[in-house]
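Beneath this line is the structure, given in structure tokens, with notes to follow.
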Amino acid sequence: MFLPNKFISPDRSLLTIGGQVLLVLDKPLSISGAWEAAKEWREVNHHHAPLPFWWFALALDSLFAMKAIRVTDGLLERNSVA
């Protein structure tokens, strides 16, 4: 689920989707704004696997657990590298 395996293709793994979310978080975005930006990025870059909101939310949970993102004033943003 987190990493690709024989049941989860690479473009649907949470690690891949999390990386795509980090790419679109070049500025603070609302959760729905980040979801729309990630779906748009996937379409432009020919990742046609569906991205349901619950799978996107799991990717956000993973990023939050890794301290890669934070929520400030209701907006998602990347954590700076120490």
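What accessible area, in Å² to the nearest ten, does a 1.4 Å probe give for W35?
60 Å²
What angle, in degrees between 0 and 90 and rounded to the nearest 10, separates the Cα long axis of helix 14-24 from the longest principal axis of the Cα atoms of the chain?
The answer is roughly 50 degrees.
Please go through the chain and write out the trypsin sites (Lys or Arg not before Pro) that DSSP classes as loop and that have at most 12 other C-beta atoms within 10 Å.
Taking the chain and a limit of 12 other Cβ atoms within 10 Å, the loop trypsin sites (Lys or Arg not before Pro) found are K6, K67.
Consider the candidate values (i) -0.54, -0.94, -1.11, -1.17; (ii) -0.96, -0.94, -0.97, -0.99; (iii) -0.42, -0.94, -1.19, -1.28; state which one is log10 I(q)/I(0) by the Debye sum over Cα atoms at q = 0.14, 0.21, 0.24, 0.25 Å⁻¹ computed from the structure displayed.
Here log10 I(q)/I(0) by the Debye sum over Cα atoms at q = 0.14, 0.21, 0.24, 0.25 Å⁻¹ agrees with entry (iii).
Roughly speaking, to the nearest percent, how much of the stretch 1-70's 1.4 Å accessible area is carbon and sulfur? Write down the numbers at each step before the final one.
Details: 2790 of 4240 Å².
The computed percentage sits at 66.
How far apart, in nm, are two points set 7 Å out from the Cα along the Cα-to-Cβ line at N79 and at N5?
Calculated label separation equals 2.6 nm.
Would you work out the charge dipole size for the chain about its Cα centre, treating the Cβ of every Lys and Arg as +1 and the Cβ of every Asp and Glu as -1, and quote it to the nearest 20 debye?
About 240 debye.
Find the relative contact order for the chain and round it to a whole percent, using C-alpha pairs within less than 8 Å whose residues are 6+ positions apart. Please list the in-between numbers first.
Details: 81 pairs, mean separation 26.2, N = 82.
Relative contact order of the chain: 32 percent.
What lysines does K27 reach when the alpha-carbon gap must be under 19 Å and sequence neighbours fewer than 8 apart in one chain are set aside?
Straight-distance partners of K27: K39, K67.
The values are calculated or read from the model by the stated rules, or taken from the named source; none is laboratory data. Just so you know, these numbers come straight off a predicted model, no measurement behind them. Because the Cβ atoms are built from the backbone with ideal geometry, glycine has one as well, and the counts that use them run over all protein chains shown. Side chains are part of the model used for accessible areas, which takes the heavy atoms of the whole protein and leaves out ligands, DNA and RNA. Shrake-Rupley method; radii C 1.70, N 1.55, O 1.52, S 1.80 Å.
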